[in-house]
Amino acid sequence: MSSVERGRSEAGDGLEDPRPVTTQNAKAFAANGDRVHICDIDEQALGRVTEANPGITATVCDVSDRRSVEAFVAEAVHALGGIDVLVNNAGIAGPTSPVEEMDPDQWEAVLAVNLTGTFNVTRLSIPFLKKSDAGVILIMSSVGGRYGYPNRSPYATTKRGLIGLTETLAIDGGSQAAQ
C-alpha cells in the first residue's frame, strides 16, 4: 500500500519533530509496512523524518503553489508506483484579529494553504486513487470547522470548508470514499 501525506505548519521552532501529527501519521503507515511519501515546506524537517524512517520518502512542496503541488504528486506517484491513501493534513493557523483589522493577504494565505492546497493535492491524486483497489482520501479538519473561534475567521472558514469538501467528495466518489 502507498500513502501520500502532506503537512505544513508555521515556521519551525527548532524542535526535533515540528509537525507531530503529520510525522506520526506517516510513521504509523510506514510501521505497517506501507510506503509513504510526504511533503512539507521545510526541507530540513523532511530530511530528519526520512533519515530516521527508511520507508518514508519526501518532496519539498509549498501546497499554496499549484506548480509545487503538481511536482509533489508526480514525485509521489513515481516513488510509490501509485497512490492508495491520501492524507491531507497541511495547515497554518493564520492571523489572530477581528475581520475589520485583518490583512487581506494573510486571509488569502490561510485559504491558499488550508483549503486550496487540499483541493489541488486531492484533485491531482484522484486519478491515481481510482486505480487503487483501496483508494481513500483523509482530510484533516479541526474543531474550528464546527465552531467559530474569536478572531480566527480565516482558520475557521478553511476548516469548515474542508468539511464541506470532504462530504462532497464522499458523495461524488462512490467507492473512493473521502473521510
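Some observations on this one:
- Residue selected from the stretch 1-24 under the condition surrounded by 21 or more Cβ atoms within 10 Å (Cβ to Cβ) and part of a helix (DSSP H, G or I), by the criterion modelled with the highest pLDDT: Thr23
Condition check ((1) of a type in the set (Ser, Thr, Tyr); (2) part of a loop (DSSP other than H, G, I, E, B); (3) over 17 Å from Leu86 (Cβ atoms)) across all residues:
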position	(1), (2), (3)
Asp105	no, no, yes
Leu115	no, no, no
Phe119	no, no, no
Ser125	yes, no, no
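- So Ser132, is it in a loop (DSSP other than H, G, I, E, B) and either open to solvent by less than 40 Å² (accessible area, probe 1.4 Å) or not charged (D, E, K, R) (or both): yes
- Residues in the stretch 81-93 that are part of a loop (DSSP other than H, G, I, E, B) and within 10 Å of the chain's Cα centre (by Cα) were compared, and the one that is farthest from Asn151 (Cα to Cα) is Asn89.
- Scanning the stretch 36-59 for residues being crowded, with 17+ Cβ neighbours inside 10 Å and outside any loop (DSSP other than H, G, I, E, B) gives a total of 13.
- Qualifying positions in the stretch 41-65 - in contact (Cβ under 8 Å) with a residue 40 or more places away in the chain and either in contact with a strand residue (DSSP E or B) (Cβ under 6 Å, 6 or more places away or on another chain) or within 24 Å of Ser132 (Cβ to Cβ) (or both): Cys61, Val63
- Among the residues of the stretch 27-34, some residue qualifies, meaning at least one is closer than 18 Å to Leu129 by Cα and either open to solvent by 30 Å² or more (accessible area, probe 1.4 Å) or at pLDDT 95 or above (or both).
Table: residues versus (1) in a loop (DSSP other than H, G, I, E, B); (2) in contact with a strand residue (DSSP E or B) (Cβ under 8 Å, 6 or more places away or on another chain); (3) small (Gly, Ala, Ser).
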{"position": "Pro95", "(1), (2), (3)": "yes, no, no"}
{"position": "Leu111", "(1), (2), (3)": "no, no, no"}
{"position": "Ile137", "(1), (2), (3)": "no, yes, no"}
{"position": "Gly148", "(1), (2), (3)": "yes, no, yes"}
{"position": "Arg160", "(1), (2), (3)": "no, no, no"}
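- For Arg160, the conditions (1) within 18 Å of Asn89 (Cβ to Cβ); (2) in contact (Cβ under 8 Å) with a residue 40 or more places away in the chain; (3) in contact with a helix residue (DSSP H, G or I) (Cβ under 8 Å, 6 or more places away or on another chain); (4) open to solvent by 20 Å² or more (accessible area, probe 1.4 Å) all hold with the exception of (2).
- A search for C-beta distances below 7 Å between a residue of the stretch 137-152 that is farther than 22 Å from Ala170 by Cβ and any residue that is in a loop (DSSP other than H, G, I, E, B) and of a type outside the set (D, E, K, R), counting only pairs 6+ apart in sequence or on different chains, returns Asn151/Thr96; Asn151/Ser97; Asn151/Pro98; Arg152/Thr96.
- The residues on offer are Val85, Val99, Val73, Val69, and the sole one that is among the aliphatic types (A, V, I, L, M) and open to solvent by 30 Å² or more (accessible area, probe 1.4 Å) is Val99.
The values are calculated or read from the model by the stated rules, or taken from the named source; none is laboratory data. All values derive from a computational prediction rather than experimental measurement. With ideal geometry, Cβ positions are generated from the backbone for all residues, glycine too; neighbour counts draw on all protein chains shown. Note: accessible area is taken over every heavy atom of the protein model, side chains too, but ligands, DNA and RNA are not part of it. Shrake-Rupley method; radii C 1.70, N 1.55, O 1.52, S 1.80 Å.
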